[in-house]
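To start, the structure under review is shown below, and the notes come after it.
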Amino acid sequence: MFRSVELDKLFSEFNVEILEKSSAGLFTTVDDFENARLEKVRLEDSEMWNLIIKKEIEFTKYPGTLDCGMNIIYVIKKLEG
């Protein structure tokens, strides 16, 4: 497993540009009890579900939350040369 600072260091050793980084599963990866509640919201309250997803996408880009989700996602571009 890597933390975001370790991935930053790893990618700095290559000729790439980091375009985006985020974590996944900050709000939507929870225990079975909370998962059942989230599933109920997803099925019955699309406005609230969309807000949860929107805020997860927004918040998981902050440095303090990059290491809090289930996964860390990097979008990189290989540079020429």
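Taken together, the values in this text are just the output of simple stated rules run on the coordinates, not laboratory data. What you see is a predicted model; the values in this text were computed from it and never measured. Backbone-built Cβ (ideal geometry, glycine too); neighbour counts: all protein chains shown.
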Per DSSP helix of 4 or more residues, -39500 (n - 2.57); summed, then divided by the residues of the chain. What does that give at 222 nm, rounded to the nearest 500? -14000 deg cm²/dmol
With each label point set 7 Å from Cα along the Cα-Cβ vector, what nm distance links V41 and D8? 3.0
Nearest 10 degrees is fine. How inclined is helix 32-44 to the longest principal axis of the chain, computing both from alpha carbons? 80
In whole angstrom, note down how far apart the Cα centers of the stretch 31-81 and the stretch 5-22 are. 21
Here are labelled values, [x] 1.11; [y] 1.26; [z] 0.97, and one is the computed Rg/Rh (Cα atoms, Kirkwood Rh) for what I pasted. Which one? [x]
The chain: angle of helix 46-59 to the longest principal axis, Cα-based, in degrees nearest 10: 30
Please give the contour-minus-distance gain from D32 to I76: 0.36 nm per residue of separation, less the Cα-Cα distance, rounded to one decimal in nm. 12.5 nm
How about the stretch 21-81: which GluC sites (Glu not before Pro) there are in a DSSP loop, with at most 16 other Cβ atoms within 10 Å of their Cβ? E80
With θ set to phi - 60°, apply the Karplus curve 6.51 cos²θ - 1.76 cosθ + 1.60 along the stretch 65-70 and write out the HN-Hα couplings as whole Hz, x wherever there is a Gly or Pro. 10, 4, 9, 9, x, 6
